[in-house]
Amino acid sequence: MEGPPHGLVSGLEVILTLHKELIVYASGIPKRIRIRNYTMEDYEGMIAIQRESFPPPYPSELWWNEEQLHEHITRFPEGALCVEADGKLVGSMTGLIVDESQLEGSHSWSTISDNGFIRNHNPNGDTLYVVDVCVIPEYRKYGIGKWLMQTMYEVVVHLRLRRLLGGGRMPGYHHVADTMSAEAYLEGVITGQWKDPVITFLLRCGRLPIGVEANYLDDEESLNYAALMEWRNPFYTGEERLGS
């Protein structure tokens with residue numbers, strides 16, 4: 001991770017720029033990847049990630065569009081991450097900063113992300129809220145999603161934020177929804193009674209559940225529920241951040 005902390009230096013805003021290279025493995029085969037901030041030049045590649053990850057019948061209007069991507073890189077470029085491999089983009093992760101008032105009561109993906117435009121990004125908040133993590137199917141066995149998550153933790157530490165938060169789908173819930181609540185299902189995943197494709201992944205990334213949100217996202221498999229999954233910055237001191 002390169003660059004000084006996000007803040008004000010000599011009256012000028014300093015933007016954290018990120019560039020890291022890694023070698024990842026799938027079935028013993030190495031692959032070199034690069035994680036960096038996405039930019040205007042990446043619009044086509046970012047939309048292609050969505051298209052490959054969410055093919056029809058998933059509605060194309062729910063993929064990122066150029067207007068949304070422009071908002072991401074101009075409002076909070078530090079939270080706009082992508083992964084390159086073999087000369088193309090293969091994964092991405094996007095977040096914004098929110099404060100406690102934005103999290104009071106219940107919320108949905110649409111309300112907390114401003115329908116994906118993140119115009120509600122609050123630089124003075126203390127929580128980095130993840131609104132999207134995506135890796136194309138061909139590269140999912142390389143552990144790229146976990147490396148994206150780790151990189152966003154580094155952003156949280158670098159910006160001196162208190163935590164990372166986000167709503168995780170529970171796609172396995174529909175199999176048992178007629179016998180238990182979403183909260184009971186989540187507890188069963190935590191105790192290892194069963195595995196959930198999303199929640200188990202987030203647990204392996206170090207995220208911990210702090211609650212369940214109903215009507216979070218239009219998702220038949222999760223019956224519209226999501227688990228709020230948190231990662232706390234172990235270096236957080238509560239001191240005022242630079243530039244806040």
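Here, each number is a calculation from the coordinates, and none is a lab measurement. Predicted, not measured: the structure shown is a model, and the values here were computed from it. Every residue, glycine as well, gets a Cβ built from its backbone with ideal geometry; the counts of neighbours run over all protein chains shown.
Only one of the numbered conditions (1) within 15 Å of ALA85 (Cβ to Cβ); (2) in a loop (DSSP other than H, G, I, E, B) is not met by ASN120, and that is (1).
Scanning segment 191-244 for residues that are on the phi > 0 side of the Ramachandran plot and not hydrophobic (A, V, I, L, M, F, W, C) yields GLY192, GLY206, GLY211, ASN215, ASN224, GLY238, GLY243.
Sort out for me the strands (runs of 3 or more DSSP E) sitting completely within segment 145-234 that have 2 or more residues that are crowded, with 20+ Cβ neighbours inside 10 Å.
Values: elements: 163-169, 208-213, 226-232.
Where strands (runs of 3 or more DSSP E) fall fully within segment 145-234 and carry at least 2 residues being crowded, with 20+ Cβ neighbours inside 10 Å, they are 163-169, 226-232.
Can you pull out every residue in segment 131-174 that is of a type in the set (Val, Ile, Thr) and closer than 30 Å to ILE29 by Cα? The answer is VAL133, VAL135, ILE136, ILE144, THR151, VAL155.
A single entry from LEU228, LEU159, LEU148 fulfils the requirement of being touching a Ser or Thr at 6+ places or on another chain (Cβ under 8 Å), under 26 Å from VAL83 (Cβ atoms) and not small (Gly, Ala, Ser): LEU148. Evaluating GLY87 against the criteria (1) touching a residue at least 12 places away in the same chain (Cβ under 8 Å); (2) at positive phi leaves one unmet condition, (1). The residues in segment 18-43 that are of a type in the set (D, E, K, R), over 16 Å from LYS146 (Cα atoms) and surrounded by 11 or more Cβ atoms within 10 Å (Cβ to Cβ) can be counted, and the count is 1.
For a quick check of your reading of the model, give me the residue pairs whose first member lies in segment 94-118 and is aromatic (Phe, Trp, Tyr), whose second is crowded, with 17+ Cβ neighbours inside 10 Å, with beta-carbon atoms closer than 7 Å and at least 6 apart or on different chains. The qualifying pairs are TRP109/VAL131; TRP109/GLY167; TRP109/TYR216; PHE117/GLN68; PHE117/GLU71.
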